[in-house]
1. Leaving out ligands, DNA and RNA, what percent of the accessible area of the chain is carbon and sulfur, probe 1.4 Å?
2. Under a 1.4 Å probe, what is the accessible area of the stretch 1-67 per residue, stated in Å²?
3. If you keep only loop residues by DSSP, which GluC sites (Glu not before Pro) in the stretch 1-86 have at most 15 other Cβ atoms within 10 Å of their Cβ?
4. In what order, largest first, do His24, His108 sit by accessible area if the probe radius is 1.4 Å?
5. Which FRET efficiency value, to the nearest 0.05, do you get for Phe82 and Thr27 by plugging their Cβ-Cβ distance into 1/(1 + (r/R0)^6) with R0 = 22 Å?
Amino acid sequence: MKREIKFRAQELGSGEWVYGDLIHKRTAPGEIMIRQRSGVESDVDVETVGQYTGVKDKAGNEIYEGDIITRLGIKGIGNVTFSKGSFYAVFVGFAWSLSKLDAEYDLHVVGNMFEDK
């Protein structure tokens, strides 16, 4: 299985989302950076780091761990989380594996748990 592995997190200071490779700082254990494709490295808030699931919603938006999604036919919203080696959309009372729920199931990203508490 081939999928793109990348991360997103909010940049310290600006709060802007940055996307790319996750880098652990050697000078400050526990702190991380995101290296964007342009080569720019940004210090990020560790609490906001989320991995790309490899799945896009109906509009073509990438779905990341920490996103909030809706699905046609399901009342309510689900949080995207990683557990037991897979990404899941956790709705009230049940969870769906995102490997089974792709754009054909009418997924829509409606926010993320960091900005839309």
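1. 51
2. I get 62 Å² per residue for this part.
3. Listed in order of number, the matching sites are Glu4, Glu16, Glu31.
4. Largest accessible area first, the list is His24, His108.
5. The value I calculate is 0.20.
The values are calculated or read from the model by the stated rules, or taken from the named source; none is laboratory data. Note that the structure is predicted; figures quoted are calculated from it, not measured. Note that each Cβ is placed from the backbone with ideal geometry, even for glycine, and that neighbours are counted across all protein chains shown. Ligands, DNA and RNA are excluded from the accessible area calculation, which covers all protein heavy atoms including side chains. Shrake-Rupley method; radii C 1.70, N 1.55, O 1.52, S 1.80 Å.
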